[in-house]
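Report on one structure; see the data block that follows.
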Amino acid sequence: MAFLELQHLQKAFGTQIVVQSMDLAIERGEFISFLGPSGCGKTTTLRMVAGFEQPTAGTVRIEGRDVTDLRPNQRKIGMVFQSYALFPNMTVAENVGFGMKIARRPAAEIRPRVAEMLELVKLPQLADRYPYQLSGGQQQRVALARALAVKPKLLLLDEPLSALDAKIRVSLREEIRALQRELGITTIYVTHDQEEALSMSDRIVVMSEGRIEQIGTPFEIYNYPRTRFVASFVGTLNLLEGRIVDPAAGRIAVDGQEIAAAAGLNGASAGDTRLVALRPEALSLRDGDPDANRLQGTIEEVSFLGSVVRVRVGFGASSISLDMFNNPGAPPPERGTPVTVSFARQDLVVLEAQ
């Protein structure tokens, strides 16, 4: 039995369905990210898990218990909001201990727990300050300490780093992940930032238009997207239209040139049209192995990106981009140069028919 189960969970506002019959099982101690663009239903799903939104249909179960109709304070959940939601008239220590005070815990229990949480988030010296005296990163640490102080079974984070600058975001996401591992707390993290999801998660739930597009580890989501949406949303990707030549052998024609996947294409027929995906870093201007795929083309554009040089190669009506490491001793080819692009068969991803 999974620690958290969402069964046929659905949410509609009037006639608009924002979450479409979601089924998801999360194991104890997992760090799960809901990843998707604004309006895809990820925050609404999180709020249904927390109890701030009532599902139109379906159930939420924690440790096998149906909590769908329970109030948020009855679910033993800690939540960190995008806006921090700290009380401006309370000190840091009072904010951290607020949930315990509401639960009528004795002061003798609250004081050491607050001190423990501030030590955990590396802010013990700021206990007597007020939120306006803190930086954005410090405020978010306080919000995290407050959520953990009540010893929740489940931690929910709703885009907690979106208001911070890039450098602080990277530092804080590493701290959040380290804390989660140390405490072993089951966590759901909502984000539209693919880098956050890829770097922090045990598994990622990619969402679009209220439905789950794909669930998998960061490795699976990045390297083996199943749908066009996942392929285009996660990472930089080349998408090409191909015509299946031999499904059993995995052979596909792209603009008159034949390439092959690492395995046969189950459920496909000769003549079917499918999108194929290639990551820029999987492509090379070298010959590659004898059984590697090769496409003949011409350099259309060269972009210097510092440590990486991005090269666009055109062939027929299509073009692809590939990434090369910047090598001062070997300048990239010039525009108009005929080249051969090679890539391994296992790097060719054939997307599911839409």
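The values are calculated or read from the model by the stated rules, or taken from the named source; none is laboratory data. In this text the structure is predicted, and so the values were computed from the model without any measurement. With ideal geometry, Cβ positions are generated from the backbone for all residues, glycine too; neighbour counts draw on all protein chains shown. Side chains included, ligands, DNA and RNA excluded: accessible areas come from the protein's heavy atoms. Shrake-Rupley method; radii C 1.70, N 1.55, O 1.52, S 1.80 Å.
Within a straight-line Cα-Cα reach of under 16 Å, Lys42 can be paired with the following lysines, leaving aside sequence neighbours fewer than 8 residues apart in one chain: Lys11. Relative contact order of the chain: 15 percent, from C-alpha pairs under 8 Å at least 6 residues apart in sequence. Ligands, DNA and RNA excluded, the heavy atoms of Val67 present near 0 Å² of accessible surface to a 1.4 Å solvent probe.
Ordered from highest to lowest accessible area with the whole protein assembly present and a 1.4 Å probe, Thr340, Thr15, Thr56 read as Thr15, Thr56, Thr340. By the rule of a C-alpha distance below 19 Å, with chain neighbours fewer than 8 residues away ignored, the lysines paired with Lys76 are Lys101, Lys151, Lys153. When the surface is traced with a 1.4 Å probe over the full set of protein chains, Ser319 keeps roughly 50 Å² accessible. Only protein heavy atoms count here; under a 1.4 Å probe, Ser232 has an accessible surface of about 70 Å².
For segment 34-164, the solvent-accessible area with a 1.4 angstrom probe is 47 square angstrom per residue.
Computed from backbone phi, the HN-Hα couplings of segment 29-41 come to x, 6, 10, 10, 10, 8, 10, x, x, 4, x, 7, x Hz, rounded to whole numbers (Karplus: 6.51 cos²θ - 1.76 cosθ + 1.60, θ = phi - 60°; Gly and Pro given as x).
Residues Tyr84, Tyr132, ordered by accessible area of protein heavy atoms at a 1.4 angstrom probe radius and largest first, appear as Tyr132, Tyr84.
Principal-axis analysis of the Cα atoms of the chain puts helix 166-183 at an angle of about 70° to the longest axis. The aspartates and glutamates whose alpha-carbon is closer than 18 Å to the alpha-carbon of Lys122, local same-chain residues fewer than 8 away aside, are Glu94, Glu174, Glu175, Glu182.
Taking Cα Rg over 2.2 N^0.38 Å as the quantity of interest, determine which of (1) 0.95; (2) 1.21; (3) 1.02 was computed from the displayed structure. Identified label for the calculated read-out: (2). Here the chain is treated with +1 on each Lys and Arg Cβ and -1 on each Asp and Glu Cβ, and its dipole about the Cα centre works out to around 1400 debye. For the residues Ser269, Ser33, Ser284, a 1.4 Å probe over the protein chains yields an accessible-area ranking, largest first, of Ser269, Ser284, Ser33. Using the alpha-carbon atoms, what tilt in degrees (0 to 90, nearest 10) does helix 136-149 show relative to the longest principal axis of the chain? Taking the Cα atoms of the chain, the angle to 136-149 is about 60 degrees.
For the chain, the longest principal axis of the C-alpha atoms and the axis of helix 107-120 are separated by about 30°. As a fraction of the 1.4 Å probe accessible area of the chain, surface on carbon and sulfur atoms comes out at 48 percent.
May I ask you to list the residues of segment 327-341 whose amide nitrogen lies under 17 Å from a point 7 Å from Cα along the Cα→beta-carbon direction of Thr298? Only 333-341 pass the distance filter.
Database remark: amide H of Gln82 closer than 5 angstrom to the amide H of Asp158 (H placed geometrically; neighbours at sequence offset of 5 or more, or on other chains; Pro and chain starts carry no H). Entry note, segment 207-297: relative contact order of 23 percent, from Cα contacts under 8 Å with a spacing of 6+ residues. Taking trypsin sites (Lys or Arg not before Pro) across segment 233-325, the ones in a DSSP loop with at most 14 further Cβ atoms lying within 10 angstrom of their Cβ are Arg286. Distance from the Cα centroid of segment 110-178 to that of segment 1-53 is 24 Å (rounded to whole angstrom).
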